[in-house]
6 protein chains.
Amino acid sequence: MRILVVNVNTSASITESIAAQAATAARPGTEIVALTPAFGAESVEGNYESHLAAIAVMEAVRAYREPFDAIIQAGYGEHGREGLQELFDVPVVDITEAAASTAQFLGRTYSVVTSLDRTVPLIEDRLTAAGLAARCASVRASGLAVLDIERDLRAAVDAIAEQAVRAVDDDRAEVICLGCGGMSGLGERVRERTGAPVVDGVTAAVTIAESLVHLGLRTSKVRTYAPPRPKAIINWDPPRARG
Amino acid sequence: MRILVVNVNTSASITESIAAQAATAARPGTEIVALTPAFGAESVEGNYESHLAAIAVMEAVRAYREPFDAIIQAGYGEHGREGLQELFDVPVVDITEAAASTAQFLGRTYSVVTSLDRTVPLIEDRLTAAGLAARCASVRASGLAVLDIERDLRAAVDAIAEQAVRAVDDDRAEVICLGCGGMSGLGERVRERTGAPVVDGVTAAVTIAESLVHLGLRTSKVRTYAPPRPKAIINWDPPRARG
Amino acid sequence: MRILVVNVNTSASITESIAAQAATAARPGTEIVALTPAFGAESVEGNYESHLAAIAVMEAVRAYREPFDAIIQAGYGEHGREGLQELFDVPVVDITEAAASTAQFLGRTYSVVTSLDRTVPLIEDRLTAAGLAARCASVRASGLAVLDIERDLRAAVDAIAEQAVRAVDDDRAEVICLGCGGMSGLGERVRERTGAPVVDGVTAAVTIAESLVHLGLRTSKVRTYAPPRPKAIINWDPPRARG
Amino acid sequence: MRILVVNVNTSASITESIAAQAATAARPGTEIVALTPAFGAESVEGNYESHLAAIAVMEAVRAYREPFDAIIQAGYGEHGREGLQELFDVPVVDITEAAASTAQFLGRTYSVVTSLDRTVPLIEDRLTAAGLAARCASVRASGLAVLDIERDLRAAVDAIAEQAVRAVDDDRAEVICLGCGGMSGLGERVRERTGAPVVDGVTAAVTIAESLVHLGLRTSKVRTYAPPRPKAIINWDPPRARG
Amino acid sequence: MRILVVNVNTSASITESIAAQAATAARPGTEIVALTPAFGAESVEGNYESHLAAIAVMEAVRAYREPFDAIIQAGYGEHGREGLQELFDVPVVDITEAAASTAQFLGRTYSVVTSLDRTVPLIEDRLTAAGLAARCASVRASGLAVLDIERDLRAAVDAIAEQAVRAVDDDRAEVICLGCGGMSGLGERVRERTGAPVVDGVTAAVTIAESLVHLGLRTSKVRTYAPPRPKAIINWDPPRARG
Amino acid sequence: MRILVVNVNTSASITESIAAQAATAARPGTEIVALTPAFGAESVEGNYESHLAAIAVMEAVRAYREPFDAIIQAGYGEHGREGLQELFDVPVVDITEAAASTAQFLGRTYSVVTSLDRTVPLIEDRLTAAGLAARCASVRASGLAVLDIERDLRAAVDAIAEQAVRAVDDDRAEVICLGCGGMSGLGERVRERTGAPVVDGVTAAVTIAESLVHLGLRTSKVRTYAPPRPKAIINWDPPRARG
């Protein structure tokens, strides 16, 4: 099967990192195709950028010319998953939700450790919208911008682990979700520091997408995610991917 | 003061209707400027169209060249209000929230009567995200598409009033919100049929926007709606409005 | 239009202060009439006093002989708003709810800073009853009695600002509501200290009452606030206002 | 021990009926003293009347000259319990809460069958304020005014039983609470019709008050129900009981 | 009447302590029969032990040969109460729920102070399942194992009181529940340290069981707790009590 | 990897059916080992039987002598998952939770269609305990006993499909979960009748267990599911499996 993993950021290096992380989870026979949006912010860290990314991600999938079996939206606390579910029949998996859903099987509560303080509300709202907030102990910010994480992994691990420890001790979390695409690959080091299982959204999403495809399940079209009604969309010729 | 009222649909006739409705509520000294997005769906009735409208509305405001004091997002159950709050300092009022917030002062519970069944979940999610769901008795669909309402007002009133009566009798609503920009102006006739106060989102939003400006209040920038961080937005040159 | 602003305390100086504050928000053509209850506690700071004020406020409005268009109950976390809505057809606006409802348009969450610790539960319960608790980050006490605020405004600002800062930093509030009628007029100084918008309940209530009247909206009479049934009320001859 | 059972209505016949019902539950050594408020509505069926009763009940207890060990507020969905808890140290038991609390030990969910439709919201709000709403399946109105129940018991049983059956079948209630002081004594007949246990608030409250006294427990004074602060209460000389 | 008080631990000394505590609350005419399960953990402090105790408690009651009027499950945060309600018609009272239900009559909020950190989630889940979580301010662990409490009462009081004080000051609890069967008898000393009422689950449960019996109320059999359907239970010959 | 799928019923035919269903979902390299409890009810349909099954399932796993990588508890709305998580380090997946968690990726809401009315509350409580209730539209009973389903599959499909259609139309479900182990294999026929995706708990659980093992994730031991403390378990020698 072929799974599209769509970065929400236009930074190609993050796409590469997400693709590599996804590949570590993919089973034999699963092809991971990582897409970078043709337009939008280098790194998405707020609502405007996320709204823009929502459309850019949808258009990136629409522009993809080969068949595919599932879509992963690889951003934390982002807008747009509902639109993807409307446009396509194949399963759509958001990494925020994939991580939370997986974490709930491993402990009674979970916390998310994310990048900047300003993204905390977006993640909280996404978890609430998805019906996954009841067992969320907290969403904590490490204070790191998305692009900072790439630049100094050691400092990133320290900052993330510090919040993870506080989530376990103070917020009574039992599982930690790494709440930023750029944190992929740091899980083992955070686990060593906290003693709690650490869930990475990208790898969790890959296994969930594979499972949904394997079980022959597709997005429900009975109401919310029914295909768009036929109508005029005017003046919209989205920017195309470079090269 | 000048209030921008931004239609989410690209249909100019709906913009005119919203502008006319807004004008009935505006106090002396308030100038209503109605904007139509430069791109997007003729009528927004689902997630993809709404995500596209979210960006189109933001770009419409960014493209507006004169000073303004407040923004009204004139669509029901739409995405994007958070992005507007980030981009601008002036108050932003969503008509779904304006109607609900106003209704709560008039009765213990309220219901929303909207257009199509598929928009019910969007409205429910918006009310939840805004912290206004606790006193929502129900969101009910009249079965009318947005553009149908314009075409046959008498039939529209019948369909809307039928659901409003059921909301009062079965769902124990005490106030009715008209949950579609196109329903503006039908309030009095629905009130006659139900005996319950009827709130129109556009006029409610105008008075709220006026009040926020009058009180000197602006969007909080301490966290969620802080301005976007400076960074590269690539390849994004949004379609401009016609004419 | 004429708006009755009814103090819940029998202290005339507080009535004057509320009236002055209301006047700053009233638009041209709005007459503010401030009423002091004929009986009850000098300053209301608990349940018994608030229950007594509930009746005293209703009787003060019943005793008022001129026409009026709206009623503002000018106390924080008080009982009685539901009774006013039953007795009268015009809109009734509680300042606790007015502040919260206004704050929700300005930020994702809000906190209330009130006077004494013992009034915190009353405010929490009022917000819950009104369906406005979901986005309330916290209700915090400054430790000041109502009458202390008048006596030393500088110390009051310090005590209030300290709690406001903690609300923003620790409870993740994005907007501050001043939760005591006596705090009216301190908003600007608290805003300077926190960087967050500050909402005053009295002025918020004035604009909401004006808007409801302007839109021709009145209290729903379909169920909860239907007029009292005709029946014998025995032995009740409420104390009348002095002078 | 002596338990004050305070009617919220000024109808002496209801006081007698409540006293008789309370007596059936009182253990040896418990003296039931039934009080009728000195002022207020013959029968309380709405917010204004309930707010007035709240004060009338408090004043009735204050006017009582002998020692007592507990207070029962014998009205359904009424305001005022919090004020009683502030004024007195002995346990205060509201019959709405007593019935719900008792019902929760007997089945997974309970419904309340009350008098008029307009009292449904008051009961719902009381249960929420008391933290007892989570297992409430529904509050249903029989359509009977309080005084109608006394007048035709057979018709009352029919109307109540019909709603009780619907509560069990449609709302999945497992226990029925009789939600009106005037329904005391009809429990057995309603139980026969539904097969579900029926809880009467007055008798439940008597046993709870007895138990609290027996265990030496008193109202917490650490915050919400601390005694009123010393201050001037002006112009308040409540009407005294007749005779 | 005869009330069975069933220890969840197989430690006979705890059974004796629970029996003695229950006896202090029993009214004249109430016979307390304390049962020790025939099998299971000496002290129950986790899920496996609690699941085993659930069955052991049910079998202990089934093995009891004399008539009885009510059952008290004397463990904090334990599984199994629902099964007892299915097997027997008489009222079943869980001490976790008895304490919370009683506490709610004494203050606006309550906290539970229990033994080990690992039992906190069990108590939280039990309160949620019982519909008693809304007014729970916190569940706090003293860090004491069940059997430690017996060994050093003075140290136990210190550890419990420390958490009780923090519950009142930091979590805004107004009543304290002693959340461990072994803490019975320490209430007065904890109350002295906090100023808040202290509720003991065992004595609270005795008075509630007595009241339910006194009122002629029994477990609802209309749905969740209907008797088990007749069917083969294979290979199950539970260990019998010693001696 | 080896996954233990443990039936909660002692009926060997149900074990076979569950094993066959599990096998349809298992990937190459996954060995499914189906276990039947050594004691307990032929078919579990209530709390007592479920409490007994909880222990029987744990003992069945303890008695298994080979290594294994994950455990599936194959019963709907059952007690005991928490105990399994305490006793073992490998992931534990409950089929009620597996189905709900999977359904949430496919539609905005889901309903569960189960066997008897009396099992509805158990499923609701399990979903709440697992933090999966927010998007549950309803739990509906088909009226079929567990063993009836096996006996007449055609009638079973009819009864289940009827409730599934009502869930979609009346309760606004978008995905259906088959809420009974015995319904495994009927998914496709129910899907044809409703147009909504149908999730089977057993197959969903197999893919989730495989994914957790594949990702190297194990049950968190930091608090709730820490291993039982060392202590005396007296008199407990569980019945062993036959043959």
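Computed from the coordinates by the stated procedures, all read-outs in this text should not be read as laboratory data. Note that this is a predicted model, so its numbers are computed, not measured. All Cβ positions, glycine included, derive from the backbone under ideal geometry; neighbour counts span all protein chains shown.
Using a cut-off of 9 Å between beta-carbons, work out the net charge of the residues near E:SER220 (Lys and Arg +1, Asp and Glu -1, E:SER220 not included).
+3
Among residues other than F:ALA205 whose Cβ falls under 14 Å from its Cβ, what is the net charge (Lys/Arg +1, Asp/Glu -1)? The partial results should precede the final answer.
Working: positive: F:ARG27, F:ARG81, F:ARG126; negative: F:ASP69, F:GLU78, F:ASP94, F:GLU97, F:ASP200, F:GLU210.
Net charge in that neighbourhood comes out at -3.
Taking R0 as 41 Å, what's the FRET efficiency between B:ASP237 and C:ASP171 from their Cβ-Cβ distance, rounded to 0.05?
Computed FRET efficiency for B:ASP237 and C:ASP171 comes out at 0.50.
Considering the Cα positions of chain B, please state its Rg to one decimal place and its Dmax as a whole number of Å.
In Å, with Rg to one decimal and Dmax whole: 17.1, 55.
Can you tell me the mean projection area, over all orientations, of the convex hull of the stretch F:96-201's alpha carbons? Units nm², please.
5.4 nm²
Report the residues of the stretch A:59-74 in range of a label on A:GLU31: point 7 Å along Cα→C-beta, backbone N strictly under 18 Å from it.
A:61-72
Taking the Cα centroid of the stretch C:142-160 and of the stretch D:92-129, what is the distance between the two, rounded to the nearest whole Å?
40 Å
In percent, how large is the relative contact order of the stretch F:96-201, given Cα pairs closer than 8 Å and 6 or more residues apart?
Contact order relative to length: 34 percent.
Given Cα pairs under 8 Å that are at least 6 residues apart, what percent is the relative contact order of chain A?
The normalised contact order for chain A reaches 24 percent.
Determine the shielding of peptide D:53-60 by partner chains: average, over its residues, the number of Cβ atoms on other chains within 10 angstrom of each Cβ.
Taking all residues of D:53-60 together, the mean is 4.
Could you work out which residue, out of C:THR36, C:THR219, C:THR114, moves most in a Gaussian network model of chain C, that is, has the largest mean-square fluctuation with Cα springs under 10 Å?
C:THR219
Assign one of three labels to the stretch A:153-243, namely rounded, prolate or oblate, based on the Cα gyration tensor with a ≥ b ≥ c the square roots of its eigenvalues; rounded applies when a/c is under 1.5, prolate when it is not and a/b is larger than b/c, and oblate otherwise.
Here the stretch A:153-243 falls in the prolate category.
Along the stretch C:114-120, what does the Karplus equation 6.51 cos²θ - 1.76 cosθ + 1.60 (θ = phi - 60°) give for ³J(HN,Hα), rounded to whole Hz, x for Gly and Pro?
Per-residue couplings from phi come out as 10, 7, 8, 3, 6, 8, 4 Hz.
So how far apart, in nm, are the two label points at F:GLU16 and C:ALA12 if each is 7 Å from Cα heading toward Cβ?
9.4 nm
How far is C:ASP169 from itself in the other copies, in nm, if each label sits 7 Å out from Cα along the Cα-Cβ line, shortest first?
Ordered by increasing distance: 2.0, 2.0, 5.8, 6.0, 6.2 nm.
Indicate the gyration tensor shape class of the stretch F:75-155 (rounded, prolate or oblate), computed on the Cα atoms with a ≥ b ≥ c the square roots of the eigenvalues: a/c under 1.5 is rounded; otherwise a/b larger than b/c is prolate and the rest oblate. Working shown, then result.
Numbers: a/c = 1.93, a/b = 1.32, b/c = 1.47.
It comes out oblate by the Cα gyration axes.
Fewest to most neighbouring Cβ within 10 Å: what's the order for B:ARG189, A:ARG62?
Ascending number of Cβ neighbours within 10 Å: A:ARG62, B:ARG189.
Taking amide hydrogens as modeled 1.01 Å from N in the peptide plane, which residues meet the under 5 Å criterion relative to B:VAL199, leaving out close sequence neighbours?
Residues meeting the amide H criterion: B:ILE176, B:CYS177, B:LEU178.
Using Cβ counts within 10 Å as a stand-in for footprinting exposure, how do B:ILE95, E:ILE71 rank, fewest first?
In order of increasing Cβ crowding within 10 Å: E:ILE71, B:ILE95.
With springs connecting C-alpha atoms under 10 Å apart, model chain A as a Gaussian network and identify which of A:ALA156, A:ALA23, A:ALA63 has the largest mean-square fluctuation.
Of A:ALA156, A:ALA23, A:ALA63, the Gaussian network model singles out A:ALA63 as fluctuating most.
Shape call for the protein assembly as shown from the C-alpha gyration tensor, a ≥ b ≥ c root eigenvalues: rounded (a/c under 1.5), prolate (a/b greater than b/c) or oblate?
It comes out oblate by the Cα gyration axes.
By Cβ position, which chain A residue lies least far from the axis that rotates chain A onto chain C, and what is the distance to the nearest whole angstrom?
A:ASP170, 7
Report, in whole Å, the centroid distance computed from the Cα atoms of the stretch D:188-237 and the stretch E:166-207.
20 Å
Say we join alpha carbon atoms closer than 10 Å with springs in a Gaussian network model of chain C; which of C:GLU174, C:GLU66, C:GLU42 then has the biggest fluctuation?
Looking only at C:GLU174, C:GLU66, C:GLU42, the largest GNM fluctuation is found for C:GLU66.
Sum -39500 (n - 2.57) across every DSSP H segment of at least 4 residues in the protein assembly as shown, then divide by the residue count to get the 222 nm mean residue ellipticity, nearest 500.
-13000 deg cm²/dmol
Number of Lys-Lys pairs in the protein assembly as shown under 23 Å by Cα, sequence gap 8 or more or different chains? Please report the intermediate quantities before stating the final value.
Values: A:LYS221/A:LYS231; B:LYS221/B:LYS231; C:LYS221/C:LYS231; D:LYS221/D:LYS231; E:LYS221/E:LYS231; F:LYS221/F:LYS231.
Lysine pairs meeting both conditions in the protein assembly as shown amount to 6.
Would you mind ranking D:MET58, E:MET183, B:MET1 so that the residue whose beta carbon has the fewest other beta carbons within 10 Å leads the list?
Sorted ascending by nearby Cβ count, the order is B:MET1, D:MET58, E:MET183.
Ordered shortest first, which distances in nm separate the 7 Å Cα→C-beta label point of D:ILE234 from those of the other copies?
Copy-to-copy label distances at D:ILE234, shortest first: 3.3, 6.5, 7.2, 7.2, 8.4 nm.
Karplus couplings for the stretch C:28-35 from phi (6.51 cos²θ - 1.76 cosθ + 1.60, θ = phi - 60°), rounded to Hz, Gly and Pro as x?
Calculated HN-Hα couplings, in order: x, x, 9, 9, 9, 10, 9, 10 Hz.
Measuring from centroid to centroid over Cα atoms, what is the spacing of the stretch F:19-33 and the stretch E:7-81 in Å?
Rounded to whole Å, the Cα centres lie 43 Å apart.
How far apart are the C:GLY195 label points across copies, placing each 7 Å from Cα toward Cβ, in nm, shortest first?
Copy-to-copy label distances for C:GLY195: 3.7, 3.7, 5.2, 5.4, 6.4 nm.
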